[in-house]
Amino acid sequence: MGRDLAAPDGAIVIDGTGKWVTPGIIDVHSHLGDYPSPAVTAHSDGNEPTAPVTAEAWVEHSVWPQDPGFARALAGGVTALQVLPGSANLIGGRSVTLKNVPARTVQAMKFPGAPYGLKMACGENPKRVYGGGKKTAPSTRMGNMAGYRKAWAEAVDYRRAWEAYRAGYAAGDDVEPPKRNIQLDTLVGVLDGEILVHNHCYRADEMAVMIDLAREFGYKVTAFHHAVEAPTWRGATACGCTLTRPSRAPR
């Protein structure tokens, strides 16, 4: 790209006079492919609301590469995107980062070397899905928190079991490996810093509680999404959170 270039034979030359060249847009929160358009029930694969914690679900197994929304997003300048599960669950599953390129399979779209993410949601979304007169937990915000803590406590125990097994194996002991748990594999990936947490939250107090949760179990929140009450406060950098300052105090 430049002025008075010597184009090789066969090159496509585009006259950029009066035009703008910009970097591609990276969409950090997308549901393209798992909620395709036009929206029909047969293609609605963004939420796995069969349990409050479905960390074993990977959204890439729902992505439909032929979703017409990919082409529309590309026309608007979106060249890379993170596709997330929906926000029905406390812990909805793994996200995937894609290049917005035409492909037959999701594997051909995956951004090389991009880490997986983990979608978490707090507040009214899981409260509404599992409560609302259904008499199933969680039906309150305290029920949400109890569900997170139970899941992370199980992940910590699972991690310790594998660490003990590996230490015994390295020492030459006759040890049996723990039973594989696909759900806890993902949560341990977060504890090990290999999988990044993307947390759906609206209220400032909820974000503070989620930071408390992260500190209790030793992981970091990479970003809060939909964070309409996200102020900047001291300590945010220490927990690895991405926060923004509102233009004025919320009413």
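The values are calculated or read from the model by the stated rules, or taken from the named source; none is laboratory data. From a predicted model like this one, the values you see are computed outputs, not experimental measurements. Reconstructed Cβ throughout: ideal geometry from the backbone, glycine too, with neighbour counts over all protein chains shown.
Of the residues Ala214, Ala238, which is of a type in the set (Gly, Ala, Ser), at pLDDT 95 or above and out of contact with any Leu (no Cβ under 7 Å at 6 or more places or on another chain)? Before you say what the answer is, go through the steps one by one.
Working: Ala238 fails: at pLDDT 95 or above.
From the options Ala214, Ala238, the qualifying one is Ala214.
So, in the range 101-146, how many residues would count as being assigned to a loop (DSSP other than H, G, I, E, B), closer than 30 Å to Gln66 by Cβ and touching a residue at least 40 places away in the same chain (Cβ under 8 Å)? Lay out the reasoning, then the answer.
First, the residues of the range 101-146 that are assigned to a loop (DSSP other than H, G, I, E, B): 101-105, 109, 111-116, 122-123, 131-140.
Okay, now just the ones that are also closer than 30 Å to Gln66 by Cβ, so 101-105, 109, 111-116.
From what's left, touching a residue at least 40 places away in the same chain (Cβ under 8 Å): 105, 109, 115-116.
The qualifying residues number 4.
Would you confirm whether or not the range 41-54 contains a residue that is hydrophobic (A, V, I, L, M, F, W, C), over 22 Å from Ala155 (Cβ atoms) and at pLDDT below 95?
Taking the range 41-54 and keeping what is hydrophobic (A, V, I, L, M, F, W, C), we get 42, 51, 53.
Retained after the next criterion (residues that are over 22 Å from Ala155 (Cβ atoms)): 42.
Filter once more, so that each one left must be at pLDDT below 95: 42.
There is at least one residue in the range 41-54 that is hydrophobic (A, V, I, L, M, F, W, C), over 22 Å from Ala155 (Cβ atoms) and at pLDDT below 95.
Do we have Gly93 as surrounded by 21 or more Cβ atoms within 10 Å (Cβ to Cβ), in contact with a Ser or Thr (Cβ under 9 Å, 6 or more places away or on another chain), touching a residue at least 60 places away in the same chain (Cβ under 8 Å) and in a strand (DSSP E or B) here?
Details: surrounded by 21 or more Cβ atoms within 10 Å (Cβ to Cβ): yes; in contact with a Ser or Thr (Cβ under 9 Å, 6 or more places away or on another chain): yes; touching a residue at least 60 places away in the same chain (Cβ under 8 Å): yes; in a strand (DSSP E or B): yes.
In short, yes.
Return yes when Ala73 is farther than 27 Å from Gly193 by Cβ, in contact (Cβ under 8 Å) with a residue 40 or more places away in the chain and either among the aromatic types (Phe, Trp, Tyr) or not in a loop (DSSP other than H, G, I, E, B) (or both) and no when it is not.
Details: farther than 27 Å from Gly193 by Cβ: yes; in contact (Cβ under 8 Å) with a residue 40 or more places away in the chain: yes; either among the aromatic types (Phe, Trp, Tyr) or not in a loop (DSSP other than H, G, I, E, B) (or both): yes.
Yes, satisfied.
When you scan the range 157-167, do you find a residue that is of a type in the set (Gly, Ala, Ser), more than 23 Å from Thr54 (Cβ to Cβ) and modelled with pLDDT of 95 or more, even just one?
Within the range 157-167, one or more residues are of a type in the set (Gly, Ala, Ser), more than 23 Å from Thr54 (Cβ to Cβ) and modelled with pLDDT of 95 or more.
Kindly check whether there is at least one residue in the range 69-81 that is in contact with a Pro (Cβ under 7 Å, 6 or more places away or on another chain) and either at pLDDT below 95 or among the aromatic types (Phe, Trp, Tyr) (or both).
Here is the first cut: in the range 69-81, the residues in contact with a Pro (Cβ under 7 Å, 6 or more places away or on another chain) are 69.
Narrowing further to those that are either at pLDDT below 95 or among the aromatic types (Phe, Trp, Tyr) (or both): none.
No, the conditions are met nowhere in the range 69-81.
Take the range 163-194 and flag every residue that is of a type outside the set (Asp, Glu), surrounded by 14 or more Cβ atoms within 10 Å (Cβ to Cβ) and under 26 Å from the mean Cα position of the chain (by Cα).
Asn181, Gln183, Leu184, Thr186, Leu187, Val188, Gly189, Val190, Leu191
Please count how many residues of the range 22-43 are part of a loop (DSSP other than H, G, I, E, B) and surrounded by 14 or more Cβ atoms within 10 Å (Cβ to Cβ).
Initial filter on the range 22-43 (part of a loop (DSSP other than H, G, I, E, B)): 22-24, 31-40.
Add one more test, that the residue is surrounded by 14 or more Cβ atoms within 10 Å (Cβ to Cβ), and what stays is 31-36.
Adding up the residues that qualify gives 6.
Looking at the range 124-149, which of its residues are in contact with a strand residue (DSSP E or B) (Cβ under 8 Å, 6 or more places away or on another chain) and either at pLDDT 95 or above or small (Gly, Ala, Ser) (or both)? Explain how you work it out, then say what you get.
To start, the set of residues in the range 124-149 that are in contact with a strand residue (DSSP E or B) (Cβ under 8 Å, 6 or more places away or on another chain) comprises 125, 147-148.
Answer for the range 124-149, where residues must be in contact with a strand residue (DSSP E or B) (Cβ under 8 Å, 6 or more places away or on another chain) and either at pLDDT 95 or above or small (Gly, Ala, Ser) (or both): Gly147, Tyr148.
Listed residues Ser62, Ser44, Ser95, Ser37; which is of a type in the set (S, T, N, Q) and within 12 Å of the chain's Cα centre (by Cα)? Steps first, please.
Numbers: Ser62 fails: within 12 Å of the chain's Cα centre (by Cα); Ser44 fails: within 12 Å of the chain's Cα centre (by Cα); Ser37 fails: within 12 Å of the chain's Cα centre (by Cα).
Matching residue, one of Ser62, Ser44, Ser95, Ser37: Ser95.
Is it the case, given these coordinates, that Arg203 is basic (Lys, Arg), modelled with pLDDT of 95 or more and under 25 Å from Pro126 (Cα atoms)?
On the way: basic (Lys, Arg): yes; modelled with pLDDT of 95 or more: no; under 25 Å from Pro126 (Cα atoms): yes.
Spelling it out, it is not the case that Arg203 is basic (Lys, Arg), modelled with pLDDT of 95 or more and under 25 Å from Pro126 (Cα atoms).
Here is a check on your reading of the model: is Pro85 assigned to a loop (DSSP other than H, G, I, E, B), at pLDDT 95 or above and of a type outside the set (Phe, Trp, Tyr)?
Details: assigned to a loop (DSSP other than H, G, I, E, B): yes; at pLDDT 95 or above: yes; of a type outside the set (Phe, Trp, Tyr): yes.
Judged against the criteria, Pro85 is a match.
Any residue at all in the range 2-21 that's under 22 Å from the mean Cα position of the chain (by Cα) and part of a loop (DSSP other than H, G, I, E, B)?
Looking only at the range 2-21, we keep the residues that are under 22 Å from the mean Cα position of the chain (by Cα), and these are none.
No: zero hits.
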